[in-house]
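Asker: What follows is a single structure, and I will ask about it in a moment.
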Amino acid sequence: KLAGIGKPKQAFSSSAAALKNQPPLFLRKNCALAHLVKGSFKGVVQQPKYADLNEWLSINTFEFFNLVNMFYGVVTDFCTINECPTMSAGPGTEYTWTDTQRKTIKLAAPQYIDYVLSQIQTTLDDERMFPTKAGSEFPKDIRATLCVIYRHLFRVLAHIYWSHYVELLNLKIEGHVNSVFAHFISFAKEFDLLDRKDMAPMADLIAFYEQQGIVV
């Protein structure tokens, strides 16, 4: 259950003292319900009747990548090696990077996110994976590639929520990010692109949006 609070102050503090024993800001009801789009995203994410499935998945993936990239760009000045020494998404969740030698390494959040977004950009630009020429076909393993992309985009969003929601509030763009997040989760659920275990760091917010009929 989300915690309700009164009228928000002009600025929000991210200090340990201010947040001690408090739910994350994004789980406070007035913050969670800040949206640009009202109602369910079900109709928005469903595949149009005459659209090719892979093309529909690709178009939306490009859009989500651009949006996540843009919103991370807004908080990038606050996401530094000193402020975010690990790629975390709440208590007990820390992501590691697997290098080309299949070695698992810990990276600061800005380094991890730079690697992730660069890797996704390279994949999206690969004509073999996401063909743009008429008559070209998508590879048979496109779904596996999409699942990796969505898992990584989710991690970036989760880090923004857990580590930089204060900045979103102070910039008054929480409604934009909440709408993108609800749209992203709705699309991932519609086409089975994320496992429940992958969504665990944001499970409470997702459950709330499901209760509200925003995410179906």
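Residues checked against (1) in contact with an Asp or Glu (Cβ under 6 Å, 6 or more places away or on another chain); (2) open to solvent by 70 Å² or more (accessible area, probe 1.4 Å):
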| residue | (1), (2) |
| --- | --- |
| PRO23 | no, no |
| ALA34 | yes, no |
| ALA51 | no, no |
| GLU55 | no, yes |
| LEU67 | no, no |
| SER88 | yes, no |
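Asker: Give just the number: which of (1) touching a helix residue (DSSP H, G or I) at 6+ places or on another chain (Cβ under 9 Å); (2) modelled with pLDDT of 95 or more; (3) of a type outside the set (Phe, Trp, Tyr); (4) under 24 Å from GLU55 (Cβ atoms) does THR122 not satisfy?
Answerer: (1)
Asker: Follow-up. For ASN82, which of the numbered conditions (1) at pLDDT 95 or above; (2) surrounded by 17 or more Cβ atoms within 10 Å (Cβ to Cβ); (3) more than 19 Å from the chain's Cα centre (by Cα); (4) not small (Gly, Ala, Ser) fails to hold?
Answerer: Against the list (1) at pLDDT 95 or above; (2) surrounded by 17 or more Cβ atoms within 10 Å (Cβ to Cβ); (3) more than 19 Å from the chain's Cα centre (by Cα); (4) not small (Gly, Ala, Ser), ASN82 comes up short only on (2).
Asker: Which one of the conditions (1) in a helix (DSSP H, G or I); (2) among the hydrophobic types (A, V, I, L, M, F, W, C); (3) more than 20 Å from THR93 (Cβ to Cβ); (4) open to solvent by 10 Å² or more (accessible area, probe 1.4 Å) does PHE187 fail to meet, given that it meets all the rest?
Answerer: (4)
Asker: Another question, if that's okay. I'm trying to understand the selection: among the residues of the range 191-216, which are within 17 Å of ARG28 (Cβ to Cβ), in contact (Cβ under 8 Å) with a residue 24 or more places away in the chain and over 14 Å from the mean Cα position of the chain (by Cα)?
Answerer: Selection gives ASP204, PHE208, TYR209, GLN212, ILE214.
Asker: While we're on this one: Can you tell me which residue within the range 128-145, out of those that are assigned to a helix (DSSP H, G or I) and not small (Gly, Ala, Ser), is farthest from the chain's Cα centre (by Cα)? Spell out how you get there, then give the answer.
Answerer: Filtering the range 128-145 for residues assigned to a helix (DSSP H, G or I) gives 142-145.
Subsequent filtering for residues that are not small (Gly, Ala, Ser) retains 142-143, 145.
Details: ILE142: 20, ARG143: 18, THR145: 17 Å.
Top of the filtered list is ILE142.
Asker: Looking only at the range 27-80, which residues are of a type in the set (Gly, Ala, Ser) and part of a helix (DSSP H, G or I)?
Answerer: Within the range 27-80, the subset of a type in the set (Gly, Ala, Ser) is 32, 34, 39-40, 43, 51, 58, 73.
Scanning the range 27-80 gives ALA32, GLY43, SER58, GLY73.
Asker: Filter the range 1-12 for residues that are open to solvent by 60 Å² or more (accessible area, probe 1.4 Å) and more than 19 Å from GLU210 (Cα to Cα); which is modelled with the highest pLDDT?
Answerer: ALA11
Asker: Does any residue of the range 41-55 turn out to be among the polar types (S, T, N, Q), at pLDDT 85 or above and in contact with a Phe, Trp or Tyr (Cβ under 7 Å, 6 or more places away or on another chain)?
Answerer: Keep residues of the range 41-55 that are among the polar types (S, T, N, Q), which gives 46-47, 54.
So of that shortlist, the ones also at pLDDT 85 or above come out as 46-47, 54.
Of the ones still in play, those that are also in contact with a Phe, Trp or Tyr (Cβ under 7 Å, 6 or more places away or on another chain) are 47, 54.
Taking every residue of the range 41-55 in turn, at least one turns out to be among the polar types (S, T, N, Q), at pLDDT 85 or above and in contact with a Phe, Trp or Tyr (Cβ under 7 Å, 6 or more places away or on another chain).
Yes or no, residue by residue, for (1) aliphatic (A, V, I, L, M); (2) part of a helix (DSSP H, G or I); (3) buried (at least 23 other Cβ atoms within 10 Å of the Cβ); (4) touching a His at 6+ places or on another chain (Cβ under 8 Å):
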{"position": "SER163", "(1), (2), (3), (4)": "no, yes, no, no"}
{"position": "LEU169", "(1), (2), (3), (4)": "yes, yes, no, no"}
{"position": "LYS172", "(1), (2), (3), (4)": "no, no, no, no"}
{"position": "VAL180", "(1), (2), (3), (4)": "yes, yes, no, no"}
{"position": "HIS183", "(1), (2), (3), (4)": "no, yes, no, no"}
{"position": "ASP192", "(1), (2), (3), (4)": "no, no, no, no"}
{"position": "LYS197", "(1), (2), (3), (4)": "no, no, no, no"}
{"position": "LEU205", "(1), (2), (3), (4)": "yes, yes, yes, no"}
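The values are calculated or read from the model by the stated rules, or taken from the named source; none is laboratory data. All values derive from a computational prediction rather than experimental measurement. Note that each Cβ is placed from the backbone with ideal geometry, even for glycine, and that neighbours are counted across all protein chains shown. For the accessible areas, the whole protein counts, side chains as well, though only heavy atoms, and no ligand, DNA or RNA atoms are used. Shrake-Rupley method; radii C 1.70, N 1.55, O 1.52, S 1.80 Å.
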